[in-house]
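Remarks on the structure that follows.
All of the numbers you see were taken from the coordinates with simple rules; none came from a lab. For clarity, every value in this text was computed on a predicted model and none was experimentally measured. Please note: Cβ atoms are built from the backbone with ideal geometry, for glycine as well, and neighbour counts cover all protein chains shown.
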Amino acid sequence: MEPERMREAEPLLTEAERRARERVRRLPRASADPEFRARLAADFTLGELERLRRVSAIRLPWHRREMTRWALGAAVAAALVVVTLALNQGPPWRVVSLHGRGIATVDGREVALRDVPELERRMKPGAQIVLPTDADMMLRAGDEMMLALDPGAVVTLPGTPGRWFGRRAEGRVDVGTMRVSTGPTFHGAALAISTPEARLRVIGTTFAVICEPTGTCVCVLEGVVDVGPLGGPMSEIASGMRGYVYASGAPMDHEGMRPDERVKLALLRAKRIASAGDAR
């Protein structure tokens, strides 16, 4: 405050305020501690002040940082995808019955028929199975499907449809006979099977695919199966009927199903129904 203005303001002060002001004016002037000044100068020279400034900066807790929140969100999303995919997988193939001895070939690897655990471990969707000519096998995938393979059959195992998505499966028969009976959890899924000269589309039924030197025979016990030559139109084969796709390219036959297949398919269906709900 300028001296003139200070003098103008003095009449406004009380006597006690003037005495306090005079006492403050008579106090000795404070001076910096020489030791503190020397330490401060040394810290400045060595760059310690900048380090102390960085250390004292306020840091957000780790769970509130933007990058951490993004990383946690991505990790949770990835975990949900993994869990969903795992839960969606269809049941694995298991051996229900097996007759005969010798060696089967699964995806090019020989496995003794007596070693059922090793057979099941290798029977993944898309695996090719070659049975000896003196052995037959019955497989089951939960309550979705049951397969019966005749001696000498060469088949590619279809996948088992997922629970919620990926509800389409594909398989193949190259030699011999494969019988299929679909279960209640197959409902809403689709199965495609191919042979050297034919293709099939199945949405739930009990049927047989028989590959012979002259062509492919499809016998249907129940339901409907669409059958046709490779690259050609498909026809419905209804319950109790069979379709025959000739390797020569001759028109497909539609006739009554083979009597022996009627018996074998009925036994397969009964076996599937009797084993429905088993834990294995």
Worksheet item: Cα extents of the range 114-208 along the three principal axes, largest first, in whole Å?
Response: 37, 33, 19
Discussion item. Using a 7 Å offset from the Cα along the Cα-to-Cβ direction at both residue 118 and residue 19, what is the distance between the two label points in nm, to one decimal?
Written reply: 11.2 nm
Fill in: Local electrostatic count, residue 198, Cβ distance below 13 Å [Lys/Arg +1, Asp/Glu -1]
-1
Worksheet item: Scattering from the C-alpha atoms of the range 86-147 alone, worked out with Debye: what is log10 I(q)/I(0) at q = 0.19, 0.21 1/Å?
Response: -0.68, -0.82
Discussion item. How charged is the neighbourhood of residue 113? Take every other residue with its Cβ under 13 Å from the Cβ of residue 113, and add Lys/Arg as +1 and Asp/Glu as -1.
Written reply: -3
Worksheet item: Around residue 235, what is the net charge, scoring Lys/Arg as +1 and Asp/Glu as -1 over all other residues with Cβ under 14 Å from its Cβ?
Response: -1
Worksheet item: Exposure proxy check: 207, 186 ranked by fewest other beta carbons within 10 Å?
Response: 186, 207
Discussion item. Using C-alpha positions alone, give me the convex hull volume of the range 190-280 per residue in cubic angstrom.
Written reply: 104 Å³
Response to the item:
So the pair-distance distribution of the range 91-274, from every Cα-Cα distance in 5 Å bins, comes to percents of 1, 9, 18, 22, 21, 16, 9, 3, 0
Worksheet item: Can you work out ³J(HN,Hα) from phi for every residue in the range 176-193, in order, using Karplus 6.51 cos²θ - 1.76 cosθ + 1.60 and θ = phi - 60°, giving whole Hz and x for Gly and Pro?
Response: x, 10, 10, 9, 10, 9, 8, x, x, 6, 7, 3, x, 9, 9, 10, 10, 10
Worksheet, complete the sentence: Fewest-first ordering of 210, 237 by Cβ atoms within 10 Å yields 210, 237
